[in-house]
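Colleague: I have a structure I would like to understand better, so I am pasting it below and will then ask my questions one at a time.
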Amino acid sequence: MKDEYLVFTGRPNSGKSSIIRAITGLDVASGKRPGTTRRISEYSLSRGLTLVDMPGYGRMTGASRSTEDRTKDEVLEFLESNAGRIALAVHVLDIFTFREVTRRLERKGLISVDVEMILFLGELLEEGPIVAANKVDKADQVEREEALAELKVLIGGESILFFNRIFPVSARTGEGLGELKSAIHGRLVEKGFRTPFKLWVGS
């Protein structure tokens, strides 16, 4: 039987790889340069469960438009082809810049990459993704609350797909990571993975 997947998505420089390292102990590459993760990487967690670190979905510093488009196509193709094997998806976004980027794009009649991916995962999977709203340490309390409220409206936070699935966190300070880890762990345990974050090497 093939492993099921715990999938992490996020735009470049959202802090996705740092969050994966913090909550799973996996030694995944991370860096300050947007687009550090440029290929689909798989890591064995517990028996029957593989973590998938998806490449940054969106603008990459130093990358051509064709590279960005090719990466986007690879991400979407992987998710669509393996939807039946995805036990849980986690989308990581930079809440500090989320409102600015979203409003700028809305003025052009466009949807932000983060909203696009969250809604796509919600339609693709039986349950919506968990959303890690990263970098809350960069915003004051008012900015944080306003950004989180706007995010909930944009992704339909009142619907059952996203109810109680948004977690404000900071990969840099560790704020909220315990709650995020517990939520991911709990969802996976419900699906039969007794020790989902116990790194396992098959024989």
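Colleague: Considering only residues that are in a loop (DSSP other than H, G, I, E, B) and within 15 Å of residue 90 (Cα to Cα), look in region 179-203 and name the one that is modelled with the highest pLDDT.
Modeller: The qualifying residue modelled with the highest pLDDT is 196.
Colleague: Moving to a separate point now. Within region 73-95, does at least one residue satisfy the condition of being among the basic types (Lys, Arg) and modelled with pLDDT under 95?
Modeller: No.
Colleague: Residues that are within 20 Å of residue 56 (Cβ to Cβ) and in contact with a Gly (Cβ under 9 Å, 6 or more places away or on another chain): list the helices (runs of 4 or more DSSP H) wholly contained in region 88-173 that include at least 1 such residues.
Modeller: Filter on region 88-173 gives 113-124, 141-154.
Colleague: Which of the residues belonging to region 92-123 are farther than 17 Å from residue 12 by Cα and buried (at least 16 other Cβ atoms within 10 Å of the Cβ)?
Modeller: Matches in region 92-123: 119, 120, 121, 122.
Conditions tested, residue by residue: (1) at pLDDT 90 or above; (2) crowded, with 22+ Cβ neighbours inside 10 Å; (3) touching a Cys at 6+ places or on another chain (Cβ under 8 Å); (4) not β-branched (Val, Ile, Thr).
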residue	(1), (2), (3), (4)
131	yes, yes, no, no
139	no, no, no, yes
158	no, no, no, yes
177	yes, no, no, yes
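Colleague: Filter region 113-158 down to the residues that are among the polar types (S, T, N, Q) and either in contact (Cβ under 8 Å) with a residue 24 or more places away in the chain or touching a strand residue (DSSP E or B) at 6+ places or on another chain (Cβ under 9 Å) (or both) and list them by number.
Modeller: Correct list: 134 only.
Colleague: Taking the stated definitions as given, is residue 92 within 16 Å of residue 152 (Cβ to Cβ) and either of a type outside the set (A, V, I, L, M, F, W, C) or in contact (Cβ under 8 Å) with a residue 40 or more places away in the chain (or both)?
Modeller: no
Colleague: On to the next question. With the requirement that a residue be more than 18 Å from residue 169 (Cα to Cα) and without any contact (Cβ under 8 Å) to a residue 60 or more places away in the chain, what does region 1-30 give you?
Modeller: Residues satisfying the conditions are 1, 27, 28, 29.
The values are calculated or read from the model by the stated rules, or taken from the named source; none is laboratory data. Fair warning: this is a prediction, and the values are worked out from it, not measured in the lab. Every residue, glycine as well, gets a Cβ built from its backbone with ideal geometry; the counts of neighbours run over all protein chains shown.
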